[in-house]
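Okay, so here's the structure we're looking at.
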Amino acid sequence: MNTPLSIVLGLLAIALIGRTQLFFAVSETDQAIVMQLGRYVYTASEPGLYLKTPFAQSAFHVERRLLATDAPPQEYLTLDKKRLRVDHVTFWRIVDPLQYYLTVRTEAGARARLDDVVFSELRRQLAVNNFDAIIAQQREPIMDAVSASVRVQAASFGIQVEDVRIKRADLPKEVEESVFNRMRAERSREANRYRAEGEEQKAEIQAAAERERAILLADARERAERLRGDGDAQAIRIFAAALNEDPEFYSFRRRLEAYERVLNAGDTIVIPSDSGFFGYLVRPAAADSAAPPPAARPARSP
């Protein structure tokens, strides 16, 4: 029983080895070239299953999809002698598998060759432009020129370069801090200028407000004094008219006002019989109405 089983297993192994040696598959994402003893036979560029001579021919697969090479940042010198640290990315695809196989063979080799070409073109383009132009208005034209030049050189590797873009452009670390300090100083000077202008406008507004306030207060005082004078004149006229109509009643009223200012509740007073000021309290009918009331004096404590 072992003999038939061994035969079956042997046949399966031969079939498996024959299948891998006789057929190879090409997917939608890759393409292949067939080599026979180191010599090129044909290129399988369409997806499907292909035949090859067992043990004599071999298939070399390469990517069909768009590839990207993200190179490490490098430092470059601009036209105005400023150092710039640039990080770029290259998009490319394999269009000639045979040329690719003969020149770079692997993706690692292709990336290394592309990086060398891009570094060289970036160094050449950045060296003829100023730092400000690279950062601002000339960035797109520079990258278009780099892409065109790299595309021509990469064609010899069987590679088509679709685009080269700068991901980031920075100053070196040792230069970056000094630039930031200068920017902070410039912003501080600008802020101080704005503050000074604001303080000047504030002083002008406050001075105008104080001047307007003084004018309004002066006008108000003038009007108040005029109204007070008119009121006093009118009061004097009223008192004069009342005095002319009944001098005795006016004298009596003024004497009562004087009593109210001089006397306090609970005061005990001794009044002589011939008192003129307190005559209305002793002899109201005989009080001297002509005697003027004395000046007010502070109230006494009870």
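A few remarks follow.
- When segment 50-85 is limited to residues that are hydrophobic (A, V, I, L, M, F, W, C) and part of a loop (DSSP other than H, G, I, E, B), the one that is nearest to residue 22 (Cα to Cα) turns out to be 55.
- Verdict on residue 275 being modelled with pLDDT under 75 and touching a Leu at 6+ places or on another chain (Cβ under 9 Å): yes
- Evaluated against (1) in a strand (DSSP E or B); (2) not assigned by TED's automatic domain parsing to the domain that holds residue 169; (3) not polar (S, T, N, Q), residue 88 falls short on exactly one condition, (2).
- Within segment 125-165, the set of residues being of a type in the set (Gly, Ala, Ser) and in contact (Cβ under 8 Å) with a residue 60 or more places away in the chain comprises 154, 158.
- Any hit, segment 95-107, residues being buried (at least 17 other Cβ atoms within 10 Å of the Cβ) and part of a strand (DSSP E or B): no
- The residue that is modelled with the highest pLDDT, among those in segment 67-81 that are crowded, with 18+ Cβ neighbours inside 10 Å and more than 15 Å from residue 168 (Cβ to Cβ), is 69.
The values are calculated or read from the model by the stated rules, or taken from the named source; none is laboratory data. It should be emphasised that the depicted structure is a prediction, and the values quoted were computed from it without experimental measurement. When we count neighbours, we look across all protein chains shown, and the Cβ atoms used for this are built from the backbone with ideal geometry, even at glycine.
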